[in-house]
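Undergrad: Structure incoming, see below.
The values are calculated or read from the model by the stated rules, or taken from the named source; none is laboratory data. The shown structure was predicted, so the numbers you read here are calculated from the model rather than taken from an experiment. Here the Cβ positions follow ideal geometry from the backbone for every residue, glycine too, while neighbour counts run over all protein chains shown. Protein only, heavy atoms only, side chains kept; ligands, DNA and RNA dropped before computing areas. Shrake-Rupley method; radii C 1.70, N 1.55, O 1.52, S 1.80 Å.
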Amino acid sequence: MATRLHTMSLAPPPWHKLKVLLVDDQPSAQSLMKGVLVQIGLRHIDTAANYREAISHCQRSAYHLLLVDFHLDNTLTGSELLTLLRKKQLLSADCGIVIFSADTSARVVLNALAVEPDAFVTLPLPLNTLQQKLGHAWRNSQARLPVYKQLSEHGLDQGIRHCKQQLLQHGPDYQLEALLLDMLMEKKDWALARRYIRLFQSYHPSIKVTLAEARVEHQCGDSAKALQLLTHLIGKHPLCLEAMDLLANYQAGQGQPLQALATAQRALKLSPSASHRALQVAQLAAKCRQPDAFAQAGLSLATHLPIIDVGWIICLAEFSASFEQLYFSLDDQRARRQLHRTLTQIAQRAHHRLLPAQRPFLYCFKQLLNARLLLAQGKTLKAKRRLLLGLSGYFERLNKLPSVILADALPLLLQLGETRLIADICQVLKHRDSFDGHSQLRLQALRENNHAFDALRWLESTFKHAQAIRHSQPSQALFHFDAIIHDYPLCSEAHLGRLDCLLRLQEPGLATRVRSSLLAVSMMPLPDALAQWRSEILGRMRTSRQSDPATGGLSVPLPYSVNRDLPPVRIEIWAPLLH
């Protein structure tokens with residue numbers, strides 16, 4: 001019975017009924033491939049020349065087959081397009097995936113296979129061979145459809161049960177075997193996973209099964225056996241990137257960072273466009289204090305940033321965390337300067353890779369990173385300026401910034417005491433549904449920092465009280481503003497409050513306090529409400545100066561303008577405060 005059903009599953013696909021999407025950016029190649037598909041018997045064929053058209057087609061129609069050229073335009077590869085469509089959930093489980101290319105280099109083949117298509121086709125190919133490949137892709141999709149349907153509708157247990165039934169019904173199938181093992185490991189049923197691994201290895205061994213075996217052994221505490229399995233597998237299949245990824249992870253976990261770095265570098269060399277491998281090399285290079293390896297990983301990452309969505313800036317955030325770890329572990333100042341120059345090169349390469357709409361986020365992120373480095377070196381005024389410069393384009397639309405930038409900005413704002421921006425960012429994050437791993441780590445560290453939040457609550461209450469009495473009791477309010485500045489020497493709100501109170505009091509001998517407050521706020525970009533308050537204060541100072549031209553004055557820069565092409569203008573500040 002099983003043999004008969006398996007034979008039935010090899011029946012020819014109903015070519016004339018299948019809907020196909022063909023993605024190729026070369027009109028002549030697209031026309032040629034479409035003609036071949038028509039010869040096979042396909043009748044419902046849509047075409048797309050770029051990723052935007054492909055997304056539009058998939059939003060309107062459900063396809064049985066997706067054929068994608070690996071080399072599309074300079075924006076995305078075929079593999080990246082496939083990843084994007086999966087992330088957007090625009091491909092159904094019964095869509096067979098085929099990536100094709102005339103380029104047979106190891107880099108192209110490995111990157112195409114890394115996204116696990118149902119078939120990879122090298123062109124040119126005889127018509128009957130192409131037909132067999134497409135038939136195989138379609139049958140794969142039909143075999144997994146009922147399993148995914150059960151999994152989505154009835155949960156993991158039912159998905160496992162149905163996958164077993166499919167294997168019993170249709171016989172050995174690499175894809176279904178790997179799917180079953182993945183579900184068993186997700187359920188953490190290691191004993192049953194081991195039983196099926198032994199069964200599959202006895203009559204239908206495969207790379208996927210060996211990889212699953214290594215994972216199970218590692219989870220069950222036998223890391224030495226897992227390392228042995230992976231090392232042997234790579235010896236037999238030297239291009240098996242997934243085995244290298246696992247081996248590098250397990251080596252690092254076993255206290256072998258140098259061996260892990262060598263393994264990770266080997267995998268990255270074979271697949272330079274894989275951002276997760278570049279990040280793994282960077283993390284290991286930082287741990288091993290290997291600046292050259294770190295630089296190569298960073299340049300590779302920037303060249304191949306996954307720009308299909310916000311993932312690119314998450315990659316940069318994770319990379320920058322490794323950069324800071326390596327930067328501050330180096331004692332030699334020359335080595336630090338060289339590493340910083342390398343970071344500039346990486347940023348420039350990333351700028352060229354990004355789309356125009358993404359580049360403002362990169363500028364913002366660079367300023368935040370520089371602010372963190374400056375704070376760590378005690379250069380707080382420069383750090384504050386960098387931080388506010390980075391955020392200045394989004395002061396009134398913080399909801400447009402990716403969570404990873406907001407999460408990176410919060411600790412810096414907390415340290416500087418910028419309560420208004422902290423409140424605005426927290427309000428934005430409150431309405432975000434999900435966070436990337438990097439943002440989760442940043443936010444969790446903040447949640448656990450009780451001292452910082454206790455200090456923030458004190459700061460907010462003190463500032464609120466000082467604001468309430470600023471008009472009626474300026475001397476008392478000034479005392480509170482000075483108390484804030486003692487703990488938060490660059491807090492914008494506190495310095496504006498101090499200037500406001502000093503202006504109201506008009507007491508002599510306060511020049512130093514005026515100068516320090518002007519320095520903290522005059523050349524800084526500020527949110528609109530604070531910028532208006534600052535303009536009001538400086539306007540009152542100008543008026544007072546003009547009403548008494550005989551008194552002296554101090555030359556200071558006007559407030560920061562978002563138009564960075566304009567040089568700062570200098571004015572005379574109200575003289576009586578300075579005597």
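Undergrad: Please state which one of 135, 159 is touching a residue at least 40 places away in the same chain (Cβ under 8 Å) and open to solvent by less than 70 Å² (accessible area, probe 1.4 Å). Full working, then the answer.
TA: Details: 159 fails: touching a residue at least 40 places away in the same chain (Cβ under 8 Å).
Answer to the selection: 135.
Undergrad: Those residues that are surrounded by 17 or more Cβ atoms within 10 Å (Cβ to Cβ) and not small (Gly, Ala, Ser), I need them from the range 395-410; list them, please.
TA: 395, 398, 401, 402, 404, 405, 406, 408, 410
Undergrad: Quick one: which residue in 107, 60 is in contact (Cβ under 8 Å) with a residue 12 or more places away in the chain and either more than 26 Å from the chain's Cα centre (by Cα) or closer than 26 Å to residue 275 by Cβ (or both)?
TA: Answer to the selection: 107.
Undergrad: Specify which of the listed residues (460, 396, 493) is part of a loop (DSSP other than H, G, I, E, B), of a type in the set (Asp, Glu) and over 30 Å from residue 279 (Cβ atoms).
TA: Checking each option against the conditions leaves just 396.
Undergrad: Also, quick follow-up: Say whether the condition of being on the phi > 0 side of the Ramachandran plot and at pLDDT 90 or above is met by at least one residue in the range 40-59.
TA: Yes, there is a match, as at least one residue in the range 40-59 is on the phi > 0 side of the Ramachandran plot and at pLDDT 90 or above.
Undergrad: Among the residues of the range 28-47, is there at least one that is in contact (Cβ under 8 Å) with a residue 40 or more places away in the chain, open to solvent by less than 40 Å² (accessible area, probe 1.4 Å) and under 26 Å from residue 276 (Cβ atoms)?
TA: No, the range 28-47 has no match at all.
Undergrad: Residue 93 fails exactly one of the following numbered conditions: (1) among the small types (Gly, Ala, Ser); (2) within 18 Å of residue 239 (Cβ to Cβ); (3) in a loop (DSSP other than H, G, I, E, B). What is the number of that condition?
TA: (2)
Undergrad: I'd like the full set of residues that are open to solvent by 60 Å² or more (accessible area, probe 1.4 Å) and either more than 15 Å from residue 216 (Cα to Cα) or part of a helix (DSSP H, G or I) (or both), limited to the range 176-189. Even if it seems obvious, please write down each step before you answer.
TA: Going through the range 176-189, the residues open to solvent by 60 Å² or more (accessible area, probe 1.4 Å) turn out to be 182, 186-188.
Answer for the range 176-189, where residues must be open to solvent by 60 Å² or more (accessible area, probe 1.4 Å) and either more than 15 Å from residue 216 (Cα to Cα) or part of a helix (DSSP H, G or I) (or both): 182, 186.
Undergrad: Here's another thing I want to ask about it. Output the number of residues of the range 111-166 satisfying the condition of being touching a Leu at 6+ places or on another chain (Cβ under 8 Å), farther than 27 Å from residue 274 by Cα and of a type in the set (A, V, I, L, M, F, W, C).
TA: The qualifying residues number 5.
Undergrad: In addition: What are the pairs with Cβ atoms under 9 angstrom where one residue, in the range 75-97, is in contact (Cβ under 8 Å) with a residue 60 or more places away in the chain and the other, located anywhere, is of a type in the set (D, E, K, R) and assigned to a loop (DSSP other than H, G, I, E, B)? Sequence gap at least six, or different chains.
TA: Going by the 9 Å Cβ cut-off, the qualifying pairs are 84/309; 87/309.
Undergrad: Restricting attention to the range 121-158, and to residues there that are among the charged types (D, E, K, R) and under 19 Å from residue 13 (Cβ atoms), which single residue is modelled with the highest pLDDT?
TA: Taking the candidates together, the pick is 133.
Undergrad: Among the residues of the range 172-179, is any closer than 30 Å to residue 36 by Cα and among the small types (Gly, Ala, Ser)?
TA: Within the range 172-179 (the criterion being closer than 30 Å to residue 36 by Cα and among the small types (Gly, Ala, Ser)), the answer is no, since none of the residues qualifies.
Undergrad: Restricting attention to the range 414-450, which residues are closer than 22 Å to residue 488 by Cβ, acidic (Asp, Glu) and free of Cβ contacts under 8 Å to residues at least 40 places away in the same chain?
TA: Within the range 414-450, just 448 meets the criteria.
Undergrad: While we're on this one: Taking residue 230 as the residue in question, decide whether it is over 26 Å from residue 437 (Cα atoms) and surrounded by 22 or more Cβ atoms within 10 Å (Cβ to Cβ). If you could, list the steps in order and put the result at the bottom.
TA: Details: over 26 Å from residue 437 (Cα atoms): yes; surrounded by 22 or more Cβ atoms within 10 Å (Cβ to Cβ): yes.
Criteria met by residue 230.
Undergrad: Within the range 372-385, track down each residue that is free of Cβ contacts under 8 Å to residues at least 40 places away in the same chain and within 15 Å of residue 414 (Cα to Cα).
TA: 383
Undergrad: Let me confirm something: among 104, 83, which residue is within 24 Å of residue 239 (Cα to Cα), open to solvent by 60 Å² or more (accessible area, probe 1.4 Å) and of a type in the set (S, T, N, Q)?
TA: Within the list 104, 83, the selection yields 104.
Undergrad: Could you go through the range 9-17 and let me know if any residue there is of a type in the set (A, V, I, L, M), touching a residue at least 12 places away in the same chain (Cβ under 8 Å), part of a helix (DSSP H, G or I) and open to solvent by 40 Å² or more (accessible area, probe 1.4 Å).
TA: Looking for residues that are of a type in the set (A, V, I, L, M), touching a residue at least 12 places away in the same chain (Cβ under 8 Å), part of a helix (DSSP H, G or I) and open to solvent by 40 Å² or more (accessible area, probe 1.4 Å), one finds none in the range 9-17, hence no.
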